[in-house]
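Here, each number is a calculation from the coordinates, and none is a lab measurement. Because the structure is predicted, anything quoted here is derived from the model rather than measured. Note that each Cβ is placed from the backbone with ideal geometry, even for glycine, and that neighbours are counted across all protein chains shown.
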Amino acid sequence: MDDHAVIAEGVEKRYGDKKALAGFDLAVRTGTVHGLLGPNGAGKTTAVRVLATLLRFDGGRAEVAGVDVARDPRRVRRRIGLTGQYAAVDEVLTGRQNLEMFGRLFHLGGRRAALRAGELLEQFDLVQAGDKGVGTYSGGMRRRLDLAASMILAPRVLFLDEPTTGLDPRSRGEVWEAVRRLVAGGTTVLLTTQYLEEADRLASRITVIDHGRAIADDTPDGLKNRVGGDRIEVVVRDAADIPTVAKTVARVSDTEPVTDRPERRVHATVTDRVAALTEVARTLQDEGIGVEDIGLRRPSLDDVFLRLTGHGTDETTKETAA
């Protein structure tokens, strides 16, 4: 498995009687972003901490960047970078001073640390902000600086543990672009996240973890297809038209259409998405049926979790409670 930068086979981690990891398996191809998706408490962070040598595990085998994690953790640490859920930079210092400080902590020496800081500020598009206090940075800029700090030694493997939690959409996009540049430069990234959208945008493959086990491993599109693939959805103006719309949708769908009378909605999964949408739209127009909305929908994050784990995400729970 020389083409894999991270391998875990049957990894177990126990806290007393509780198993945080219960035979966890993972294979991350070199030079890719691999998403690790799961709800809080599923074992994502524990898996990362084990692979990053921050936790000793109780069983199984793990290898990172060609080095056995249990046998030679020091050598593993020289080949990896880690960015946690919250930025670990000093807000009093400037961006440049932060990077120089991290360089010195990694024993680069003053001159080499300064040179590396300049390289990273340019790589992460922070040159103009480099000599400003980090306290003035936006959330996205702080996370990019945090990423830069984790790249001081140009690691072969970078672990990103929920790097965009709490960021606004613009800041999240800035972090995504920074990650893409890292991978283009040859870094392998293991990304843990609760957001299917984030994994979809960045990862070439996703492992879904729940109760300490990998319960699915596929491409983003493959995961979506497991929960029904594309579906056509029609919202009519008059609920009395729902039976007619359901019959029309049934002619192009793979499953029996689902109707929601209070929402005046009909939807069903389809294979030939464009042909299905075209036929339904034309038929409804010919029959004079008023439509408020018609379109193709992909499964949502909650669709994936409901099918694979039997429950929604913690983010969904929080939104519902609010």
Inset, instruction - Please name which of V280, A250, L296 has its Cα lying farthest along the dipole of the chain towards the positive end, using unit charges on Cβ (Lys, Arg +1; Asp, Glu -1) and the Cα centre as origin. - result: L296
Legend entry - (1) -1.24; (2) -1.58; (3) -1.44, with the label sought being that of the calculated log10 I(q)/I(0) by the Debye sum over Cα atoms at q = 0.16 Å⁻¹: (1)
Inset, instruction - Pop a pseudo-label 7 angstrom from the Cα along the beta-carbon direction at both R213 and Y15 and give the gap in nm to one decimal. - result: 2.1
Legend entry - T165-A184 pseudo-label distance in nm [points 7 Å out on the Cα-to-Cβ vector]: 2.9
Inset, instruction - Provide R172, R111 in ascending order of the number of other Cβ atoms located within 10 Å of each residue's Cβ, fewest first. - result: R111, R172
Inset, instruction - Can you figure out the FRET efficiency of E256 with A281, using R₀ = 22 Å and their beta-carbon distance, to the nearest 0.05? - result: 0.60
Inset, instruction - Measure off 7 Å from each Cα along the Cα-to-Cβ vector at E91 and R61, then give the distance between these two points in nanometres to one decimal. - result: 4.7
Legend entry - Under 25 Å from the Cα of K224 - lysines, other chains or at least 8 residues apart: K44, K318
Legend entry - Added length on full extension, which subtracts the Cα-Cα distance from 0.36 nm per residue, R112 to K247: 41.6 nm
Inset, instruction - Considering only DSSP beta bridges where both residues belong to the range 4-219, give the percentage that are antiparallel (nearest 5). - result: 55
Legend entry - Cβ-defined net charge surrounding R201, 11 Å radius [Lys, Arg +1; Asp, Glu -1]: -2
Inset, instruction - Find the centroid of the Cα atoms in the range 120-174 and in the range 254-295, then give the distance between the two in whole Å. - result: 44
